[in-house]
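Please read the structure below before turning to the comments.
The values are calculated or read from the model by the stated rules, or taken from the named source; none is laboratory data. All values reported here derive from a predicted model rather than from experimental measurement. Quick reminder, even Gly has a Cβ in these numbers, built from the backbone with ideal geometry, and neighbours come from all protein chains shown. Side chains included, ligands, DNA and RNA excluded: accessible areas come from the protein's heavy atoms. Shrake-Rupley method; radii C 1.70, N 1.55, O 1.52, S 1.80 Å.
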Amino acid sequence: MSAETADTAEPTPERATEGTDAEGRRREQRGWYFYDFACSVYSTSVLTVFLGPYLTSIAKAAADADGFVHPLGIPVRAGSLFAYAVSVSVVVAVVVMPIVGAAADRTGRKKPLLAAAAYVGAAATTGMFFLDGHRYLLGAFLLIVANASISVSMVLYNAYLPQIAAPDERDAVSSRGWAFGYTSGALVLVLNLVLYTGHDSFGLSESDAVRICLASAGVWWGAFTLVPLRRLRDRRVAPGGEGAVGSGWRQLRATLRDMRRHPLTLSFLLAYLVYNDGIQTVISQASVYGSEELGLDQTTLITAVLLVQVLAVAGALGMGRLARAYGAKRTILASLVVWTLILVSGYFLPSDAPVFFYVLASAIGLVLGGSQALSRSLFSHLVPRGKEAEYFSAYEMSDRGLSWLGPLVFGLAYQLTGSYRDAIISLVIFFVIGSVLLARVPVRQAVAAAGNPVPERI
């Protein structure tokens, strides 16, 4: 929202600290948690567990004698297709997210945009039921649509955080949102595990079971999105007087110029872009690494991700408590050290050794939710008043939207070396550089520079 719009807007509360009553705030927070509950099943069951190995197997079945498929005439090693499709989805998201974020701030109507993004993604995910045979192009297309849609929806979802939570509440509220998401991911994975391991008793082939698990994530996503759509409320702003697309691009240019006035916020975004690229790539490529390099079966992978989901709930809440004692920045930095150790250990992990894979999954679970939840709440303190959706669109680019370099590096490493171990160890650089950049950000000064109250510990 532009400065002129902010000045002329009706005196409706724009942030939780500006008059929103406590009960209304709690009601919105509970509704807000449920979008994580809805869409996290896609991230867990589809992106992390089933689609990577399944799409890879379909691509390999369609590959030529040298192991290559040729989408649009481009030679691509079948084992790299999934990683490349994730990267392409990011490019699509990068184009759309700033427009949506600027339009949301200009009009104040986040809910209709959230609904559109969520249901496009849910429909694409449900459509994965038809992914079989040699339809690797269909699988790549649906992945691109679903992954771009969840990125766009998260811009709008995250932009609600400064409006529904006071500054001293945000670490806890953000962590609870992640905990809700990991809880739903674990619940659905249990159901997936029952269906997948018992597919014969249900009269299903293994492929049928996987396709049902993929499609059910889309149904879940769509169904539980109704809860936040009922409980969250839009904040009215003065009309901008321009079309959504045109004003979106104009506002994007204004946002980029405005962000230059907040170099410390930009410094945090750069650090987050780098280390989160590593996190997102580890999560999206872990199942491919486990199945193709370590020779683990699908049941082991599902169980490992289920373990991640269960421990991530405790990890998100536990790291939230650590942040209250030591500050969010220090807690995040400690988690990045753990991420680096995880990758180094993963490189040396022996094949056909599920126990060691479970140990590594446990470590990931303990730091995954907390590192992401605290990054989100820390960034919310660095957003200037009235620019939540615009700035969170930039944040979401770093979270999901600009996380294209990691999958690209992973895919290229495998394409060039034929080794997933080389691909996984190449990601260490993201955590090392991200840690250095984050350590250099004076977060208390950054919060004050954004015009926000500085919490006692941050």
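Residues are listed down the side, and each one gets a yes or a no for (1) out of contact with any Leu (no Cβ under 8 Å at 6 or more places or on another chain); (2) open to solvent by 10 Å² or more (accessible area, probe 1.4 Å); (3) assigned to a helix (DSSP H, G or I); (4) modelled with pLDDT of 90 or more:
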position	(1), (2), (3), (4)
LEU307	yes, yes, yes, no
VAL310	yes, yes, yes, no
ARG324	yes, yes, yes, no
LEU333	no, yes, yes, yes
VAL359	yes, yes, yes, yes
Taking segment 243-263 and keeping only residues that are at pLDDT 75 or above, surrounded by 18 or more Cβ atoms within 10 Å (Cβ to Cβ) and either among the basic types (Lys, Arg) or assigned to a helix (DSSP H, G or I) (or both), one is left with none
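A quick yes/no check of all residues on (1) farther than 28 Å from VAL310 by Cα; (2) among the hydrophobic types (A, V, I, L, M, F, W, C); (3) part of a helix (DSSP H, G or I); (4) modelled with pLDDT of 85 or more:
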residue	(1), (2), (3), (4)
GLU169	no, no, yes, no
ALA179	no, yes, yes, no
LEU189	no, yes, yes, yes
LEU195	no, yes, yes, yes
PHE202	no, yes, no, yes
TRP220	no, yes, yes, yes
LEU229	no, yes, yes, yes
ARG235	yes, no, no, no
Of those in segment 190-220 that are touching a residue at least 40 places away in the same chain (Cβ under 8 Å) and over 21 Å from SER57 (Cα atoms), the residue least open to solvent (accessible area, probe 1.4 Å) is GLY218
Among (1) without any contact (Cβ under 8 Å) to a residue 60 or more places away in the chain; (2) touching a helix residue (DSSP H, G or I) at 6+ places or on another chain (Cβ under 8 Å); (3) within 28 Å of VAL152 (Cα to Cα), LEU51 falls short only on (1)
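Hey, any hits in segment 115-137 for a residue that's in contact (Cβ under 8 Å) with a residue 24 or more places away in the chain, farther than 30 Å from GLU292 by Cα and hydroxyl-bearing (Ser, Thr, Tyr)?
Restricting attention to segment 115-137, the residues satisfying the condition of being in contact (Cβ under 8 Å) with a residue 24 or more places away in the chain are 115, 117-137.
The next check asks that each one be farther than 30 Å from GLU292 by Cα; those that pass are 115, 117-120.
Going one step further and asking which of them are hydroxyl-bearing (Ser, Thr, Tyr), we end up with 119.
Within segment 115-137, one or more residues are in contact (Cβ under 8 Å) with a residue 24 or more places away in the chain, farther than 30 Å from GLU292 by Cα and hydroxyl-bearing (Ser, Thr, Tyr).
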Checked segment 62-86 for anything in contact with a helix residue (DSSP H, G or I) (Cβ under 7 Å, 6 or more places away or on another chain), over 14 Å from GLY418 (Cβ atoms), surrounded by fewer than 20 Cβ atoms within 10 Å (Cβ to Cβ) and not aliphatic (A, V, I, L, M); matches are PRO71
Of (1) open to solvent by 30 Å² or more (accessible area, probe 1.4 Å); (2) at pLDDT 85 or above; (3) farther than 21 Å from SER175 by Cα, ILE302 satisfies every one except (1)
The residue from LEU349, LEU382 that alone is open to solvent by less than 10 Å² (accessible area, probe 1.4 Å) and either in a loop (DSSP other than H, G, I, E, B) or under 21 Å from ILE164 (Cβ atoms) (or both) is LEU382
Checking ALA61, ALA38 in turn, the sole residue that is modelled with pLDDT of 90 or more, within 28 Å of LEU113 (Cα to Cα) and among the aliphatic types (A, V, I, L, M) turns out to be ALA38
Contact list, first residue from segment 428-444 and under 18 Å from ILE458 (Cβ atoms), second anywhere and open to solvent by less than 30 Å² (accessible area, probe 1.4 Å) and of a type in the set (Gly, Ala, Ser), beta-carbon distance below 6 Å, six or more apart or interchain, is LEU437/ALA271; LEU438/ALA271
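Residues to consider are SER207, SER153; find the one that is polar (S, T, N, Q), within 30 Å of ARG27 (Cβ to Cβ) and part of a helix (DSSP H, G or I).
Among SER207, SER153, only SER153 is polar (S, T, N, Q), within 30 Å of ARG27 (Cβ to Cβ) and part of a helix (DSSP H, G or I).
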Of the candidates GLY315, GLY295, the one satisfying the condition of being on the phi > 0 side of the Ramachandran plot and either part of a helix (DSSP H, G or I) or in contact with an Asp or Glu (Cβ under 7 Å, 6 or more places away or on another chain) (or both) is GLY295
